[in-house]
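A.B. asks: Quick one: structure below, then a few questions.
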Amino acid sequence: MELELYGVDDKFYSKLDQEDALLGSYPVDDGCRIHVIDHSGARLGEYEDVSRVEKYTISQEAYDQRQDTVRSFLKRSKLGRYNEEERAQQEAEAAQRLAEEKAQASSIPVGSRCEVRAAGQSPRRGTVMYVGLTDFKPGYWIGVRYDEPLGKNDGSVNGKRYFECQAKYGAFVKPAVVTVGDFPEEDYGLDEI
């Protein structure tokens, strides 16, 4: 294959034909592009259809019998899912987090005004439209219809509708970032424009 260096203005600079040269030894600058000319004769997409590649397969039973596998190492070392104590601790922590989220979510009634204070985002006001478990992620989630188009959805995720609102007005957040109270809609003066 051949490599050619083009500048920001698509002007040809030089061929990159010195095998032992580093890229920095060429006049490369921000916005430059390297054009690759393939002379191998390979057809476009020839290597993308992996169904045509013969693969080595082994049954689960045969794999379990081998001693030189990652699975056998994990079992011997009691790591990952083969560490019963760690798994039990993780399950207990997950159950505790779920119970805490349930307690927080139970104090947030549907239909109430709220303010969402997520990390790294400015406070957003809206109305609580959904409280509960979802299919898209584990745990308790609060569905909020924002006053402004600051959301990510229309109340549905992955084809399942949880509540109704306009596109980009809906969002799902964790109960810990929701504060319920008397939060009137803010007037941004957008109607006067």
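The values are calculated or read from the model by the stated rules, or taken from the named source; none is laboratory data. None of the values given here were measured: they were computed from a predicted structure. So basically every Cβ, Gly included, is an ideal-geometry build from the backbone, and we count neighbours across all protein chains shown. Keep in mind that these areas ignore ligands, DNA and RNA; they rest on the heavy atoms of the full protein, side chains included. Shrake-Rupley method; radii C 1.70, N 1.55, O 1.52, S 1.80 Å.
A.B. asks: Only one of these conditions is not met by residue 101: (1) within 25 Å of the chain's Cα centre (by Cα); (2) surrounded by fewer than 14 Cβ atoms within 10 Å (Cβ to Cβ); (3) within 30 Å of residue 79 (Cβ to Cβ). Which number is it?
C.D. replies: Looking at each condition in turn, residue 101 falls short on (2).
A.B. asks: Sticking with this one: Taking the options 16, 5, 74, name whichever one is in contact with a Ser or Thr (Cβ under 6 Å, 6 or more places away or on another chain), free of Cβ contacts under 8 Å to residues at least 40 places away in the same chain, farther than 30 Å from residue 133 by Cα and not acidic (Asp, Glu).
C.D. replies: 5
A.B. asks: Kindly list the number of the only condition in (1) open to solvent by 80 Å² or more (accessible area, probe 1.4 Å); (2) in a loop (DSSP other than H, G, I, E, B); (3) under 30 Å from residue 144 (Cβ atoms); (4) in contact (Cβ under 8 Å) with a residue 24 or more places away in the chain that fails for residue 108.
C.D. replies: The one condition residue 108 does not meet is (1).
A.B. asks: Could you tell me whether residue 115 is open to solvent by less than 30 Å² (accessible area, probe 1.4 Å) and of a type in the set (Asp, Glu)? I'd like the intermediate steps shown before the answer.
C.D. replies: On the way: open to solvent by less than 30 Å² (accessible area, probe 1.4 Å): yes; of a type in the set (Asp, Glu): yes.
When the stated conditions are applied, residue 115 passes them.
A.B. asks: Within the range 78-97, is there a residue that is of a type in the set (Asp, Glu) and touching a residue at least 60 places away in the same chain (Cβ under 8 Å)? Even if it seems obvious, please write down each step before you answer.
C.D. replies: Just the residues of the range 78-97 that are of a type in the set (Asp, Glu), to begin with: 84-86, 91, 93.
Cutting the leftovers down to touching a residue at least 60 places away in the same chain (Cβ under 8 Å) gives us none.
Within the range 78-97 (the criterion being of a type in the set (Asp, Glu) and touching a residue at least 60 places away in the same chain (Cβ under 8 Å)), the answer is no, since none of the residues qualifies.
A.B. asks: Further question on the same structure: Mind checking which strands (runs of 3 or more DSSP E) fall wholly inside the range 125-189 and carry at least 1 residues that are crowded, with 18+ Cβ neighbours inside 10 Å and either without any contact (Cβ under 8 Å) to a residue 60 or more places away in the chain or in contact with a Lys or Arg (Cβ under 7 Å, 6 or more places away or on another chain) (or both)? Can you show your working first?
C.D. replies: Numbers: elements: 140-146, 170-173, 178-180.
Here the list reads 140-146, 170-173.
A.B. asks: Would you mind finding the one in 47, 63, 56 that is modelled with pLDDT of 90 or more and of a type in the set (Phe, Trp, Tyr)? It would help to see each step written out before you state the result.
C.D. replies: Numbers: 47 fails: modelled with pLDDT of 90 or more; 56 fails: modelled with pLDDT of 90 or more.
Matching residue, one of 47, 63, 56: 63.
A.B. asks: Now, a different point. Looking only at the range 135-152, which residues are basic (Lys, Arg) and farther than 20 Å from residue 180 by Cα? Break it down into steps so the answer makes sense when it comes.
C.D. replies: Looking only at the range 135-152, we keep the residues that are basic (Lys, Arg), and these are 137, 145, 152.
Selection gives 137, 152.
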